[in-house]
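Heads up, the thing below is written out as structure tokens.
The values are calculated or read from the model by the stated rules, or taken from the named source; none is laboratory data. As the structure is a computational prediction, the values presented were derived from the model and not from experiment. Counting neighbours? That spans all protein chains shown, and the Cβs are built from the backbone with ideal geometry, glycine included.
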Amino acid sequence: MRKHKRTIAFALAVISLISVGALGIAPAQAAEPDRHVTVTGVGTINVVPDAVRFYPSVTALAAKSSEALATASKTASAVRAALKAQGIATKDIKSSNLSVFPEYNYTQDKGSVIVGYRATQSFTVVIRKADTAGKVVEAVVNAGNENVMINGIVPFITKGSAAMEEARAAAVADARSRAASYAKLLGTSLGKVVYLQENSAPSYSFPMLGVAKAQADGSTPEIDLGEEEVTVSITVRWALN
């Protein structure tokens, strides 16, 4: 009986040793190196916008609200036709406002006197070929004549992903240059990257809302596209050798 108990105890001891051995060979988590350098890198890319948002409106004043709306709607149809003739897709023409309201004239002797009803319809138009923006604006003005207004234009980038990749590459190069400079000053060199964080989503600097201007000869208006800045900021940590 005692011999049987000793056999069981020995078996349990062997199992315990195997378990300890298995735990002992488990890979340990990689510890962060004691010597490292952490820097921030910024990458900025200047990009010429390839598209334009255009904000035209049509408006009409009449004695009756129904007449004003009918005139504005007729002008809006002419503007849509002009846009499509310039190659603007239906998906890129969006109504942003439609209103009909009484219009008043104020005088000291009579006070506010209604002079009619004004109907207005506004649009947001995306011109995907920036170099054609001037012709599109001209076509809209010719289609609407005195009943059309231009509320502004905004150049923008449609292919932002390529610009973001360039800005990220510039940010990494900037961070590496800073880190290498510190490593050299410390008499060492850079090892592996142990940490990287993009501090914020890539940001754009947009041009101010502006209007189209006519060329000196009074022909097609010229749209100044300017440039937009695409900026990326990152924080990177390198181990030091």
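Only one residue in A169, A180, A143 is touching a residue at least 12 places away in the same chain (Cβ under 8 Å) and assigned by TED's automatic domain parsing to the domain that holds V230, so which one is that? Walk me through it before giving the result.
Values: A180 fails: touching a residue at least 12 places away in the same chain (Cβ under 8 Å); A143 fails: assigned by TED's automatic domain parsing to the domain that holds V230.
Testing whether each residue is touching a residue at least 12 places away in the same chain (Cβ under 8 Å) and assigned by TED's automatic domain parsing to the domain that holds V230 leaves just A169.
Let's see how each residue does on (1) outside the structural domain of N151 (by TED's automatic domain parsing); (2) of a type in the set (D, E); (3) touching a helix residue (DSSP H, G or I) at 6+ places or on another chain (Cβ under 8 Å); (4) closer than 14 Å to N147 by Cβ:
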{"site": "T71", "(1), (2), (3), (4)": "no, no, yes, yes"}
{"site": "K74", "(1), (2), (3), (4)": "no, no, no, yes"}
{"site": "A82", "(1), (2), (3), (4)": "no, no, yes, yes"}
{"site": "A89", "(1), (2), (3), (4)": "no, no, no, no"}
{"site": "S96", "(1), (2), (3), (4)": "no, no, no, no"}
{"site": "S99", "(1), (2), (3), (4)": "no, no, no, no"}
{"site": "Y106", "(1), (2), (3), (4)": "no, no, no, no"}
{"site": "I114", "(1), (2), (3), (4)": "no, no, no, no"}
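So which of A167, A163, A173 ends up being under 13 Å from G41 (Cβ atoms) and surrounded by 14 or more Cβ atoms within 10 Å (Cβ to Cβ)?
Values: A163 fails: under 13 Å from G41 (Cβ atoms); A173 fails: surrounded by 14 or more Cβ atoms within 10 Å (Cβ to Cβ).
Among A167, A163, A173, only A167 is under 13 Å from G41 (Cβ atoms) and surrounded by 14 or more Cβ atoms within 10 Å (Cβ to Cβ).
Every residue in region 119-140 that is in contact (Cβ under 8 Å) with a residue 12 or more places away in the chain and farther than 20 Å from S57 by Cβ, please. Reasoning before the result, please.
Filtering region 119-140 for residues in contact (Cβ under 8 Å) with a residue 12 or more places away in the chain gives 119-130, 132-140.
Of everything in region 119-140, those that are in contact (Cβ under 8 Å) with a residue 12 or more places away in the chain and farther than 20 Å from S57 by Cβ turn out to be R128, K129, A130, T132.
Out of region 124-149, which residues are surrounded by fewer than 19 Cβ atoms within 10 Å (Cβ to Cβ) and outside any helix (DSSP H, G or I)?
T124, V126, R128, K129, M149
Quick one: would you say L61 is assigned by TED's automatic domain parsing to the domain that holds V115, touching a residue at least 40 places away in the same chain (Cβ under 8 Å) and either among the aromatic types (F, W, Y) or buried (at least 19 other Cβ atoms within 10 Å of the Cβ) (or both)? Talk me through it step by step, then tell me what you get.
On the way: assigned by TED's automatic domain parsing to the domain that holds V115: yes; touching a residue at least 40 places away in the same chain (Cβ under 8 Å): yes; either among the aromatic types (F, W, Y) or buried (at least 19 other Cβ atoms within 10 Å of the Cβ) (or both): no.
Considered against the rule, which asks whether it is assigned by TED's automatic domain parsing to the domain that holds V115, touching a residue at least 40 places away in the same chain (Cβ under 8 Å) and either among the aromatic types (F, W, Y) or buried (at least 19 other Cβ atoms within 10 Å of the Cβ) (or both), L61 comes out as no.
Identify all residues within region 82-116 that are aliphatic (A, V, I, L, M), more than 30 Å from the chain's Cα centre (by Cα) and either surrounded by 11 or more Cβ atoms within 10 Å (Cβ to Cβ) or assigned to a helix (DSSP H, G or I) (or both); write none if there are none. Explain how you work it out, then say what you get.
To start, the set of residues in region 82-116 that are aliphatic (A, V, I, L, M) comprises 82-83, 85, 88-89, 93, 98, 100, 113-115.
This time we only want the ones that are more than 30 Å from the chain's Cα centre (by Cα), so: 100, 113-115.
Hits for region 82-116 are V100, V115.
Quick grid of which residues meet (1) in contact with a strand residue (DSSP E or B) (Cβ under 9 Å, 6 or more places away or on another chain); (2) free of Cβ contacts under 8 Å to residues at least 60 places away in the same chain; (3) more than 30 Å from A175 (Cα to Cα):
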position	(1), (2), (3)
N46	yes, no, no
Y55	yes, no, yes
S65	yes, yes, yes
A70	yes, yes, yes
S99	yes, yes, yes
